[in-house]
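Peer 1: This is the structure I want to talk about, given as structure tokens.
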Amino acid sequence: FNPDGDALGSSLGLCSVLKKLGHNAVVVLPNTPPQNLQWMPGYADAIAWDKNKEASERMVRGSELLFCLDFNKPDRVGSLETALRASPTKVLIDHHRHPDDFATVSFSDVSACSTAQMVFDIISALGHADLIDADAATCLYTGIMTDSGSFRFNSTTPHTLEVAAELMKRGVVPERIHEAIM
């Protein structure tokens, strides 16, 4: 509930890459994020439960594969919890401690500074880093920047900065993202 920069950035970044791979992918949010996140590439195509309950629930229940990003327990999606539980195949990608055992496949790494960093790593490990264009990179960088406290929290590692640098090579302009968020 209440998607932050990492939740939205990791979701929009992954969605962008999935679409490039030919999948019918949609970001479904438990509620509308704050105004300072609504500028992100791909946000206009996202569906928020508080704006469109029927479509949100239909998309979640009817998904062949549901990616659960940046939350560790089903009740964190508020009113979408019942639909989430009904979805047959779920993939959890998250960096929070003590995830519930609700997903078919779980990628849980509490040492990662953000879910967006994990999404970058997974896409790269699958050999699809070339599909991370400027828009997807902007979303992922936003997630990393916000959850790392603009790279000042202890969770910021050399790998975090390497990922940020890779995203900058793909067209991220840190100053613009920081201005939009702050």
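Peer 1: Please go through region 1-73 and write out the trypsin sites (Lys or Arg not before Pro) that DSSP classes as loop and that have at most 13 other C-beta atoms within 10 Å.
Peer 2: Those satisfying the criteria are K51.
Peer 1: Using a probe radius of 1.4 Å on heavy atoms only, what accessible surface per residue do you get for region 27-175? Whole Å² is fine.
Peer 2: Ligands and nucleic acids excluded, the result is 49 Å² per residue.
Peer 1: Under 5 Å between amide H atoms, partner at least 5 residues away or on a different chain: which partners does S106 have, H built in plane at 1.01 Å?
Peer 2: For S106, whose amide H was placed from the backbone, the distant partners under 5 Å are L92.
Peer 1: Where does each of 104-110, 115-121, 134-140 land if you order them by average Cβ count within 10 Å, highest first?
Peer 2: Highest to lowest by the protection proxy: 115-121, 134-140, 104-110.
Peer 1: Whole-Hz ³J(HN,Hα) for each residue in region 85-92, computed from phi via Karplus 6.51 cos²θ - 1.76 cosθ + 1.60 with θ = phi - 60°, x for glycine and proline: what do you get?
Peer 2: Once θ is set to phi - 60°, the couplings for region 85-92 become 4, 7, 5, x, 10, 10, 10, 8 Hz.
Peer 1: What is the gain in length, in nm to one decimal, between A55 and T89 on full extension, counting 0.36 nm per residue of separation less the C-alpha to C-alpha distance?
Peer 2: Taking A55 through T89 to full extension adds about 10.4 nm, to one decimal.
Peer 1: Next up: Decide, for region 8-102, between rounded, prolate and oblate: order the square roots of the alpha carbon gyration tensor eigenvalues as a ≥ b ≥ c, take rounded if a/c falls under 1.5, and otherwise choose prolate if a/b is larger than b/c, else oblate.
Peer 2: rounded
Peer 1: Near S114, within a Cβ-to-Cβ distance under 9 Å, what is the net charge of the other residues, with Lys and Arg +1 and Asp and Glu -1?
Peer 2: Net charge around S114: -3.
Peer 1: What is region 20-158 by shape, rounded, prolate or oblate, if you read a ≥ b ≥ c off the alpha carbon gyration tensor as root eigenvalues and call it rounded for a/c under 1.5, prolate for a/b larger than b/c, and oblate otherwise?
Peer 2: Rounded, since a/c falls under 1.5.
Peer 1: Test of understanding: what is the full-extension gain from K73 to T104, defined as 0.36 nm times their sequence separation minus their Cα-Cα distance?
Peer 2: 9.8 nm
Peer 1: Something else about it: Give the lysines reachable from K51 as a straight Cα distance under 24 Å; neighbours fewer than 8 places away on the same chain don't count.
Peer 2: Correct list for K51: K19, K73, K90.
Peer 1: Here is a further query. For a test of the definition: using alpha carbon positions, the gyration tensor, and the 1.5 limit on a/c, classify region 116-182 as rounded, prolate or oblate.
Peer 2: oblate
Peer 1: Using a 1.4 Å probe on the protein chains only, how many percent of the accessible area of the chain belongs to carbon and sulfur?
Peer 2: C and S atoms contribute 51 percent here.
Peer 1: Net charge near D94: determine it from the other residues with C-beta under 12 Å of the C-beta of D94, scoring Lys and Arg +1 and Asp and Glu -1.
Peer 2: -1
Peer 1: Determine the order of M168, M40, M59 by accessible area, beginning with the largest, at a probe radius of 1.4 Å.
Peer 2: If we order M168, M40, M59 from most to least accessible, we get M168, M59, M40.
Peer 1: Scan around A48 for amide H atoms under 5 Å from its own, H built in the peptide plane at 1.01 Å from N, and keep only partners 5 or more places away or cross-chain.
Peer 2: Amide H to amide H, under 5 Å and 5 or more residues apart or across chains, A48 pairs with L29.
Peer 1: Before anything else, pin down the relative contact order of the chain: Cα pairs under 8 Å, at least 6 apart, normalised by residue count, whole percent.
Peer 2: Dividing the mean separation by the residue count of the chain yields 25 percent.
Peer 1: What are the ³J(HN,Hα) couplings of region 99-105, residue after residue, when phi is run through the Karplus curve with 6.51, -1.76, 1.60 and θ = phi - 60°? Round to Hz, x for glycine and proline.
Peer 2: x, 5, 8, 10, 9, 5, 10
Peer 1: Multiplying the sequence separation of L161 and I122 by 0.36 nm and subtracting their Cα-Cα distance, what value in nm do you get?
Peer 2: 12.4 nm
The values are calculated or read from the model by the stated rules, or taken from the named source; none is laboratory data. Quick caveat, the model's predicted, so the values are computed rather than measured. Virtual Cβ from ideal backbone geometry, glycine too; neighbours counted across all protein chains shown. Quick note on the areas: whole protein, heavy atoms, side chains included, nothing else; ligands and nucleic acids left out. Shrake-Rupley method; radii C 1.70, N 1.55, O 1.52, S 1.80 Å.
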